[in-house]
Amino acid sequence: METVTLNIVDYIKKINKVEVMLEEIKQGFLYFDKELQESIKRGEKDIEEGKVTICKTEEDLDKFFASI
């Protein structure tokens with residue numbers, strides 16, 4: 001096995017780059033999670049207000065698509 005010597009400054013720079021990438025991923029996930037939660041709330045509100053069509057069978061689905 002080969003031994004690799006790393007300069008501590010270079011190693012810290014690599015760690016900082018990874019931290020930046022992980023923060024970007026975290027922010028993207030938080031945005032996605034916020035959007036998802038808002039979408040779920042809108043869907044639940046639509047259900048409560050009866051603004052949905054429930055299709056339990058393929059025939060129900062065919063009828064629904066035929067009606068729009």
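The values are calculated or read from the model by the stated rules, or taken from the named source; none is laboratory data. Everything numeric here is computed off the predicted structure, so don't read it as measured data. In this analysis, Cβ positions are derived from the backbone assuming ideal geometry, glycine residues included, and neighbour counts consider all displayed protein chains.
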Qualifying residue in region 10-24 (condition: on the phi < 0 side of the Ramachandran plot, over 27 Å from the mean Cα position of the chain (by Cα) and of a type in the set (A, V, I, L, M, F, W, C)): yes
Residues satisfying the stated conditions in region 43-64, i.e. surrounded by 10 or more Cβ atoms within 10 Å (Cβ to Cβ), within 26 Å of the chain's Cα centre (by Cα) and either among the aromatic types (Phe, Trp, Tyr) or in a helix (DSSP H, G or I) (or both): GLY43, GLU44, LYS45, ASP46, ILE47
LYS14 vs. criteria at pLDDT 95 or above, surrounded by 10 or more Cβ atoms within 10 Å (Cβ to Cβ) and assigned to a helix (DSSP H, G or I): no
Within region 1-11, considering residues that are among the hydrophobic types (A, V, I, L, M, F, W, C) and assigned to a loop (DSSP other than H, G, I, E, B), the one surrounded by the fewest Cβ atoms within 10 Å (Cβ to Cβ): MET1
